[in-house]
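The values are calculated or read from the model by the stated rules, or taken from the named source; none is laboratory data. Keep in mind it's a predicted model, so treat the numbers as computed, not measured. Quick reminder, even Gly has a Cβ in these numbers, built from the backbone with ideal geometry, and neighbours come from all protein chains shown. Only protein heavy atoms, including side chains, enter the accessible area calculation; ligands, DNA and RNA are left aside. Shrake-Rupley method; radii C 1.70, N 1.55, O 1.52, S 1.80 Å.
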Amino acid sequence: LYATSDLGTIMDREEHYPKDLYLYIADSRQALHYTQFFRVARRAELLPKETELSYIGFGTMNGKDGKPFKTREGGVLRLERLISETRDSVLKRMEESKDNGLSQEEKEETAGIVALAALKYGDLSNQATKDYIFDLEKFTAFEGNTGPYILYTIVRISSILRKYAESKGEAWKDSLSWISENAKNYPIGSSGDENVMALAKILAAFQDEMRDAWRDCAPHKICTYIYSLSNQFNSFYHNVKILTEEDEQKKKEYIGLLCLSWKVLMDCIQVLGFSAPERM
């Protein structure tokens, strides 16, 4: 039975690698099972009283008809096929857009990175307890609350930083290398410009947002945060002349904001389990 196997697993874990906290993530329709399982484990004293047992129930992934996929009826794609179809969808969108200077090989490699981001973000951006519709077209869109949109924002920042570095005759390898070496030279000022302050304010919320997500075991809160940050950055990008700013002090302030925005976005997507390409 499920209960006996779960109880046996607790005994094995406590013997070989005991933990302070056990998180069980399963279908929300299994709530009664976990309530019973936890109570039996406590009554049988299979683990110390201070060890925490926590159950996180998630909703169902539904098809466009609103009905849950049923694994026993063969209604779910194999993961390798799902990733392949997502990658093909992303590649098609990339080829339909304006030329980005990437070779076909680079486009295919980038499409694989973006596809994983689309799938993971599409799943994690929903509150775990709620059902959601699996819509591949929506997940792979480069606009709206999607993984590709977040990556596009990161790549946009990288592009601006690269152009700035090249305008100063500085060597460019990649964003991480340049920011690691130069970010300290571009402290964020306090000019009072409303565009600067709006972006700085949401960047300042990073630690609080991450603490809230950890406390509630809610990765969707990280997604909500980086979507808001991406929107705010893109608003900043459209309202501020970053590279053509004549005041060098202001320009340095802008570059400092870009460096921090890139670092915060990258930290967040790494926590969510995906990465960003240098170009796309």
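A few remarks follow.
- Lone qualifier among S158, S125 - being of a type outside the set (D, E) and not assigned by the TED database to the domain that holds L229: S125
- Scan of the stretch 1-55 for residues that are open to solvent by 100 Å² or more (accessible area, probe 1.4 Å), hydroxyl-bearing (S, T, Y) and either part of a helix (DSSP H, G or I) or assigned by the TED database to the domain that holds P219 (or both), ordered by number: Y2
- Taken over the stretch 126-150, the criterion of being under 13 Å from the mean Cα position of the chain (by Cα) and hydroxyl-bearing (S, T, Y) is satisfied by T146, Y149.
- The single residue among V90, V76 that is modelled with pLDDT under 90, of a type in the set (V, I, T) and part of a loop (DSSP other than H, G, I, E, B) turns out to be V76.
- Filter pass, S177 being open to solvent by 60 Å² or more (accessible area, probe 1.4 Å) and over 25 Å from W214 (Cα atoms): no
- Residue-level analysis places I242 among those that are open to solvent by less than 40 Å² (accessible area, probe 1.4 Å), of a type in the set (A, V, I, L, M), part of a loop (DSSP other than H, G, I, E, B) and not assigned by the TED database to the domain that holds S97.
- Among all positions in the stretch 224-247, there is at least one residue which is in contact (Cβ under 8 Å) with a residue 12 or more places away in the chain and farther than 25 Å from G144 by Cα.
- Selection of the stretch 79-122 for residues being surrounded by fewer than 19 Cβ atoms within 10 Å (Cβ to Cβ), in contact with a Lys or Arg (Cβ under 7 Å, 6 or more places away or on another chain) and within 12 Å of F139 (Cα to Cα) yields an empty set.
- Extreme residue, nearest to L79 (Cα to Cα), among residues of the stretch 97-151 that are small (G, A, S) and in contact (Cβ under 8 Å) with a residue 60 or more places away in the chain: A117
- Selection from the stretch 128-141 of residues that are part of a loop (DSSP other than H, G, I, E, B) and open to solvent by 90 Å² or more (accessible area, probe 1.4 Å): K130, D131
- So A218, is it among the hydrophobic types (A, V, I, L, M, F, W, C) and modelled with pLDDT under 95: yes
- Hey, S125 among the polar types (S, T, N, Q), at pLDDT 90 or above and surrounded by 15 or more Cβ atoms within 10 Å (Cβ to Cβ) or not: yes
- For the stretch 159-177, the set of residues classified as touching a Phe, Trp or Tyr at 6+ places or on another chain (Cβ under 8 Å) and more than 14 Å from L260 (Cβ to Cβ) consists of R162, A165, E166, E170, W172, listed by residue number.
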